Amino acid sequence: MQSWGLDHSFLQTDPCHPTGKVSVTLEDDEPHYEIVPESAYDFILPTDDERLPATGLLYHGSLALRHAASAAALAALKARHRGKIFLDVNLRSPWWSPETVLPLVEDADHVKLNAAELGLLATDLSDRADDASLAASMHHFSNRYQLESLIVTRGALGAMLWNCGEILAVGPAADTHVVDTVGAGDGFAAAYLLGLSQQWPPQESLEHSRDFAAELVSRRGATIDDAHVYKAFLASWSLN
């Protein structure tokens with residue numbers, strides 16, 4: 001974190017539990033995850049540090065509720081937060097249920113998930129939904145939970161965005177060479193969060209997020225260690 005110039009002021013260390021680990025196996029080129037339980041990320045503690053910002057954009061995933069300790073820390077953060085909330089849905093069995101995830105959706109302003117996850121949370125979407133059916137389900141889901149935006153990633157089909165009643169879409173990036181899809185959703189979310197902070201037009205945010213995720217899947221691993229890759233994207237987005 002220090003070498004990348006990240007702020008680690010609020011980084012917690014846990015002397016009792018091991019560092020979090022996710023084991024990833026590939027079956028038919030699709031990643032399957034074992035999110036190892038009883039790890040440090042399950043025991044995040046609430047903090048009353050007044051230096052911690054209470055405004056801006058609060059980003060969290062749905063797996064934060066897996067253990068009561070981290071769920072309490074998230075609840076404390078949300079209780080003092082005065083800005084928007086971005087929820088990144090990760091439905092990983094057996095660590096989720098509609099009873100725990102849907103209340104998070106109700107609290108959120110922006111939600112990102114993939115098409116399969118929307119199918120699990122929205123009962124009106126079939127396993128073989130076409131674009132029109134998916135768009136209708138996105139309308140219903142977004143209106144039901146009063147969202148500002150709903151992002152649905154679709155793998156090789158690209159992504160769709162519901163934004164204040166309008167449906168936008170992007171196809172896959174041109175000449176995408178898929179090596180490893182692990183981390184693609186997180187990369188997509190990171191670029192979209194940047195778009196929210198910079199107030200990019202929704203279609204522009206969607207395209208930049210797609211392009212950044214495409215770069216990630218062209219390499220092995222969930223992140224890219226080469227800082228020049230990130231600088232090139234920032235420069236192309238006029239943020240260097």
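Yes or no, residue by residue, for (1) hydroxyl-bearing (Ser, Thr, Tyr); (2) touching a strand residue (DSSP E or B) at 6+ places or on another chain (Cβ under 9 Å); (3) modelled with pLDDT of 95 or more:
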position	(1), (2), (3)
Glu117	no, yes, no
Asp124	no, no, no
Asp127	no, no, no
Glu148	no, yes, yes
Ile151	no, yes, yes
Cys164	no, yes, no
Ala174	no, no, no
His177	no, no, no
Thr181	yes, yes, no
Examine segment 47-54 for a residue that is touching a Ser or Thr at 6+ places or on another chain (Cβ under 7 Å), surrounded by 12 or more Cβ atoms within 10 Å (Cβ to Cβ) and farther than 19 Å from Leu113 by Cα, and state whether such a residue exists. no
Reported set for segment 76-99 where residues are out of contact with any helix residue (DSSP H, G or I) (no Cβ under 9 Å at 6 or more places or on another chain) and either touching a residue at least 24 places away in the same chain (Cβ under 8 Å) or not in a helix (DSSP H, G or I) (or both) is Ala76, Leu77, Arg80, His81, Arg82, Gly83, Ser93, Pro94, Ser97
Q) Going by the conditions given, is Ala136 of a type in the set (A, V, I, L, M), farther than 15 Å from His110 by Cβ, more than 15 Å from the chain's Cα centre (by Cα) and surrounded by 13 or more Cβ atoms within 10 Å (Cβ to Cβ)? A) yes
inquiry  = Tell me yes or no: at least one residue of segment 33-56 is modelled with pLDDT under 90, over 17 Å from the mean Cα position of the chain (by Cα) and not in a loop (DSSP other than H, G, I, E, B).
reply    = yes
Scanning segment 182-240 for residues that are among the polar types (S, T, N, Q), closer than 25 Å to Glu117 by Cβ and part of a helix (DSSP H, G or I), the one nearest to the chain's Cα centre (by Cα) turns out to be Ser209
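The values are calculated or read from the model by the stated rules, or taken from the named source; none is laboratory data. From a predicted model like this one, the values you see are computed outputs, not experimental measurements. Every residue, glycine as well, gets a Cβ built from its backbone with ideal geometry; the counts of neighbours run over all protein chains shown.
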